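This report refers to the structure that appears directly beneath it.
The values are calculated or read from the model by the stated rules, or taken from the named source; none is laboratory data. Keep in mind it's a predicted model, so treat the numbers as computed, not measured. Heads up, the Cβs are rebuilt from the backbone with ideal geometry, glycines too, and the neighbour counts pull from every protein chain shown.
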Amino acid sequence: MGRIIDATVRLVGAGKRTYARKWSFLWLFAIAFFSSVAVLGQLDLLPEKPIAVVAPIEIETAAATVPELPAKIEIIKINLSANVVNPTTTDIAALDKELLKGAVRYPTSAKLGENGNVVLFGHSSYLPVVKNQAFKTFNGIQKLAPGDIIMISSLNVTYTYQVRSVVKEKADENTAIPLSVAGKALTLVTCDSFGTKTDRFVVTADFVESSAVSG
């Protein structure tokens, strides 16, 4: 029994002495630890840091707009609604013939959805009676004002434009309509014939937005 007590007393004493020297032990441990790490680092024996694997970020991109041919023009303000014809020739006689069907897109002008100027020509006539309503296709476009809306539709998409300017050009001014412009633009032109320069109204508009054809 006495031996057990003596052993217990010695253990308690050792514990007290160890606790009293705890800072010394901590310093020794820290020195030994960092020294070991330094040596292992010099020998390139430290475990490599795990490489984090980052999942790729998926960026949703809108599908590129496919250029389309115009099929219809609507201007609610002046109650205008007409089909658009798309000839493939610049022959004057052929273009004049197409004007008898409605609005005509000049063949080398831009298509809907691409940069450039979409140029549409159309007859205008203020005779009280005409047999072919195509002669009145662009009646009233001179009444448009900046900010008014023009809608051009393909078979599936409606393209909205906002009027920028409305001007009357004299026959002797010899003003050319630009086909290559910055951004997406629209020009409406009244004409009697593709072959003869006459006084005409020219409406220019800028692209605003596109949306699926409703209904």
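One table, with the values for the structure above:
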{"quantity": "Single residue of the stretch 148-158 satisfying the filter (more than 13 Å from I75 (Cβ to Cβ) and of a type outside the set (S, T, N, Q)) that is surrounded by the fewest Cβ atoms within 10 Å (Cβ to Cβ)", "calculated": "L155"}
{"quantity": "Subset of the stretch 81-92 that is without any contact (Cβ under 8 Å) to a residue 24 or more places away in the chain and not acidic (D, E) - its residue that is surrounded by the fewest Cβ atoms within 10 Å (Cβ to Cβ)", "calculated": "T88"}
{"quantity": "Criterion (at pLDDT below 95 and touching a strand residue (DSSP E or B) at 6+ places or on another chain (Cβ under 9 Å)) met by exactly one of S109, S124, S81", "calculated": "S124"}
{"quantity": "From the options L186, L179, L127, L144, residue that is loosely packed, with under 13 Cβ neighbours inside 10 Å and among the aliphatic types (A, V, I, L, M)", "calculated": "L127"}
{"quantity": "Filter result for V104 (part of a strand (DSSP E or B) and either modelled with pLDDT of 95 or more or loosely packed, with under 15 Cβ neighbours inside 10 Å (or both))", "calculated": "yes"}
{"quantity": "Complete set of residues in the stretch 200-215 that are without any contact (Cβ under 8 Å) to a residue 60 or more places away in the chain and surrounded by 13 or more Cβ atoms within 10 Å (Cβ to Cβ)", "calculated": "R200, V202, T204, A205, D206, F207, V208"}
{"quantity": "Pairs with Cβ under 6 Å, 6+ apart, first in the stretch 93-110 and under 12 Å from F194 (Cβ atoms), second in a strand (DSSP E or B)", "calculated": "E98/V85; E98/V104; V104/V85; V104/F121; Y106/V119"}
{"quantity": "The stretch 111-128: number of residues that are in a loop (DSSP other than H, G, I, E, B), touching a Phe, Trp or Tyr at 6+ places or on another chain (Cβ under 8 Å) and in contact (Cβ under 8 Å) with a residue 60 or more places away in the chain", "calculated": "3"}
{"quantity": "Candidate set: the stretch 129-165, residues that are outside any loop (DSSP other than H, G, I, E, B) and more than 25 Å from the chain's Cα centre (by Cα); chosen: the one nearest to V84 (Cα to Cα)", "calculated": "A134"}
{"quantity": "Boolean, T137 is touching a Ser or Thr at 6+ places or on another chain (Cβ under 9 Å), of a type in the set (S, T, Y), within 19 Å of L69 (Cβ to Cβ) and surrounded by fewer than 16 Cβ atoms within 10 Å (Cβ to Cβ)", "calculated": "no"}
